[in-house]
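Asks: What follows is a single structure, and I will ask about it in a moment.
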Amino acid sequence: MEKVEGKVCSIPIGPYHPALEEIAFYKVYVDGERIVDALIKPGFNHRGIEKLAMQRSYRRNVQLFERVCGICSDAHTTAYCVAVENCLRIDVPKRAQYIRVIEHEANRIHSHLLWFGVAMHAIGFDTLFMHSWATREAIMDVVETLTGNRVNYSVNTIGGVRRDITPELAKYIEEKLKIVEKGTLYLIKAVKEDKTIKARTSEVGVLTKEEARKYCVVGPTARASGIEEDIRKDDPYINFEDFDFEVCVEDTCDVYGRIMVRLRETLESIKIIRQALKNMPEGKLIADLPYPFPSEDIGRAEAPRGELIYYVKSNYTNIPERIKLRTPTFVNLPATKPMLLGNKLADAPQIIISIDPCLTCNDRLVVVDLRSGRERIVLLQDFIRRRVRL
Amino acid sequence: MWLYHAPAGGLCNGCDIEIAAAITPRYDVERFGILLAPSPRHADILLIAGQMTKHSRERLLRVYQQVPEPKAVVAIGSCAISGNVFTTDNYPLAGTIDQVIPVDVYVPGCPPKPEAIILGVVKAIEKLEKRTAESI
Ligand code: SF4
């Protein structure tokens with residue numbers, strides 16, 4: 001702990017810290033128990049994926065982008081495939097799109113339940129953490145029987161999907177969905193009725209609607225601040241226009257709102273999967289692929305954490321010329337600063353977790369020097385050697 | 001038996017969540033007395049998942065040094081073992097884990113299933129016991 005000015009102390013959180021699931025570095029300035037300023041420094045996770053992607057063929061990149069983040073792995077491959085399909089004008093068969101929808105929503109359910117567990121763990125309510133993870137295992141079973149792997153599915157491919165859903169499998173999914181639905185309803189009931197959860201989460205980490213607009217937050221974080229936006233509705237991809245579902249919005253603007261948005265969304269996702277299973281059209285699983293030609297386009301998807309954008313530029317080879325991704329945490333992370341200000345230090349972990357930060361997909365390896373406003377890249381060894389002052 | 005789980009830097013989280021899944025009701029290793037420790041100073045076994053980056057290398061070494069002897073290291077996932085799809089020579093990466101710290105047990109998979117992780121930990125416990133017996 002170092003003294004800054006007068007009564008204000010700075011407390012470093014991370015990079016390895018029990019409150020954080022991943023490695024990142026937060027510096028929180030406190031006056032007594034109140035947080036007065038915060039500095040966020042990610043970058044430990046940077047792997048240079050965009051550079052790798054420009055050395056591999058379109059097909060092989062699917063496996064690479066899936067590993068950008070293991071929690072929203074399906075959202076990444078979907079957005080990437082949509083981007084390439086838009087770019088090379090590929091018409092994907094409808095059956096493939098429906099199978100994609102099922103996986104996409106199963107992925108969302110698993111991600112939201114996982115997040116809910118972690119959020120409950122952050123406020124010290126471990127019983128609900130265990131409950132939500134136990135419920136989550138049912139959807140993991142669905143994913144595993146559907147795709148063969150629990151985390152990285154590799155089912156999406158350019159122009160379609162690689163695995164079919166048989167009627168027996170559909171029945172199995174229905175069964176498991178019932179367990180998930182029951183579990184989620186129980187969690188919602190617990191959150192609504194439990195006084196300790198309310199006390200720890202309501203009016204904590206407030207992000208007003210104006211601030212949310214200013215920081216351009218996306219996904220559940222925006223919806224919990226009363227902004228109605230959902231890429232599935234606003235710009236339907238993979239045939240989301242066929243499905244009937246509600247965009248869950250809360251206007252409490254606090255951590256409690258973010259919990260409710262995600263839990264309600266889980267129920268909506270179950271609804272979408274049921275519709276997809278019921279109305280599954282017949283047909284091919286994969287489209288005929290053209291030879292690549294120079295073009296460019298983007299693909300957008302509503303990942304569990306918010307809007308995900310892929311940009312693809314092609315040329316005459318089977319290797320993309322440029323790929324750029326914009327992940328939801330990249331826009332949401334700066335918004336943790338206004339959320340943290342004025343709150344108690346003990347609430348910091350749950351506020352940071354409330355945006356569902358996924359640092360694996362966020363890290364850009366850029367340090368902004370606040371004093372001079374210069375941007376530069378600093379590695380730790382240089383840091384020690386040259387004694388760079390930060 | 002206390003475990004400390006340290007993500008090595010560049011990883012996709014898949015291995016992390018599978019480690020967490022191993023302590024939750026379906027697999028529940030806590031009933032065998034295996035618990036996650038909040039700090040490396042309390043740990044017996046270090047679980048490392050993910051690809052090491054230049055940025056996190058020194059920090060990881062420090063975490064390793066903080067674990068008291070006798071200790072065992074389990075590398076989890078293809079990233080930690082071989083670099084997986086990210087290769088080992090891309091610009092932000094610093095090679096595989098075993099080039100920096102000694103690894104006792106390797107658990108391959110992308111990600112390995114929780115069962116495999118538990119098996120890896122059991123193997124590490126065996127090694128640890130042998131090591132303790134030798135040192136006495
Ligand atoms: S081994 Fe696979 S699941 Fe594990 S961190 Fe690496 S890419 Fe993710």
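Asks: Could you identify the single residue in B:PRO108, B:PRO70, B:PRO92 that is in contact (Cβ under 8 Å) with a residue 24 or more places away in the chain and open to solvent by 70 Å² or more (accessible area, probe 1.4 Å)?
Replies: Unique residue meeting the criteria: B:PRO108.
Asks: Across the stretch A:135-193, what is the total count of residues that are within 13 Å of chain B (Cβ to nearest Cβ) and away from the ligand (no atom under 16 Å from the Cβ)?
Replies: Number of matching residues: 8.
Asks: Open to solvent by less than 40 Å² (accessible area, probe 1.4 Å), out of contact with any strand residue (DSSP E or B) (no Cβ under 8 Å at 6 or more places or on another chain), closer than 22 Å to B:LYS123 by Cα and modelled with pLDDT of 85 or more: is that true of B:ALA21 in this structure?
Replies: Taking the combined requirement at face value, the residue satisfies it.
Asks: While we're on this one: Regarding the stretch B:122-129, can at least one residue be identified that is open to solvent by less than 20 Å² (accessible area, probe 1.4 Å) and more than 13 Å from the chain's Cα centre (by Cα)?
Replies: The answer is yes, given that some residue of the stretch B:122-129 is open to solvent by less than 20 Å² (accessible area, probe 1.4 Å) and more than 13 Å from the chain's Cα centre (by Cα).
Asks: Go through the stretch A:57-72 and give me each residue that's within 15 Å of the ligand (Cβ to nearest atom), open to solvent by 20 Å² or more (accessible area, probe 1.4 Å) and touching a residue at least 24 places away in the same chain (Cβ under 8 Å).
Replies: A:GLN63, A:ARG67, listed by residue number.
Asks: Test of understanding: among A:VAL101, A:VAL92, which residue is out of contact with any strand residue (DSSP E or B) (no Cβ under 9 Å at 6 or more places or on another chain), in the same structural domain as A:SER202 (by TED's automatic domain parsing), at pLDDT 90 or above and not charged (D, E, K, R)?
Replies: The unique qualifying residue is A:VAL101.
Asks: Something else about it: Just checking, how many residues over the stretch B:73-88 are without any contact (Cβ under 8 Å) to a residue 12 or more places away in the chain and either open to solvent by less than 20 Å² (accessible area, probe 1.4 Å) or closer than 18 Å to A:CYS69 by Cβ (or both)?
Replies: The number of residues fulfilling the criteria is 1.
Asks: Moving on. Go through the stretch A:155-172 and count every residue that is of a type outside the set (Asp, Glu) and not in a helix (DSSP H, G or I).
Replies: Number of matching residues: 11.
Asks: Which count do you get for residues in the stretch B:43-55 that are touching a helix residue (DSSP H, G or I) at 6+ places or on another chain (Cβ under 8 Å) and buried (at least 24 other Cβ atoms within 10 Å of the Cβ)?
Replies: Residues in the stretch B:43-55 being touching a helix residue (DSSP H, G or I) at 6+ places or on another chain (Cβ under 8 Å) and buried (at least 24 other Cβ atoms within 10 Å of the Cβ): 9 in total.
Asks: A follow-up question, please. Does the stretch A:132-181 hold any residues that are in contact (Cβ under 8 Å) with a residue 24 or more places away in the chain and among the charged types (D, E, K, R), and which are they?
Replies: Matches in the stretch A:132-181: A:ARG136, A:ASP141, A:ARG162, A:ARG163, A:ASP164, A:GLU174, A:LYS176, A:GLU181.
Asks: Tell me, which residue of the stretch B:17-51 that is within 16 Å of the ligand (Cβ to nearest atom) and of a type outside the set (A, V, I, L, M) is nearest to A:PHE116 (Cα to Cα)?
Replies: Across the stretch B:17-51, the extreme among qualifying residues is B:GLU18.
Asks: Based on what the data block shows, is B:VAL73 more than 30 Å from A:VAL62 (Cα to Cα) and away from the ligand (no atom under 15 Å from the Cβ)?
Replies: Yes: the conditions hold for B:VAL73.
Asks: Restricting attention to the stretch A:324-331, does a residue exist that is without any contact (Cβ under 8 Å) to a residue 60 or more places away in the chain and open to solvent by less than 10 Å² (accessible area, probe 1.4 Å)?
Replies: Among the residues of the stretch A:324-331, at least one is without any contact (Cβ under 8 Å) to a residue 60 or more places away in the chain and open to solvent by less than 10 Å² (accessible area, probe 1.4 Å), which makes the answer yes.
Asks: Okay, moving on. Taking the stretch A:181-213 on its own, how many of its residues are outside any helix (DSSP H, G or I) and either closer than 19 Å to A:ALA138 by Cα or in contact with a Pro (Cβ under 7 Å, 6 or more places away or on another chain) (or both)?
Replies: Qualifying residue count, the stretch A:181-213: 1.
The values are calculated or read from the model by the stated rules, or taken from the named source; none is laboratory data. Keep in mind that this is a model prediction, so the values were computed, not measured. Cβ coordinates were reconstructed from backbone atoms using ideal geometry, including for glycine residues, and neighbour counts include every protein chain displayed. The protein model used for the area step is the full one, side chains on, heavy atoms only, and it has no ligands, DNA or RNA in it. Shrake-Rupley method; radii C 1.70, N 1.55, O 1.52, S 1.80 Å.
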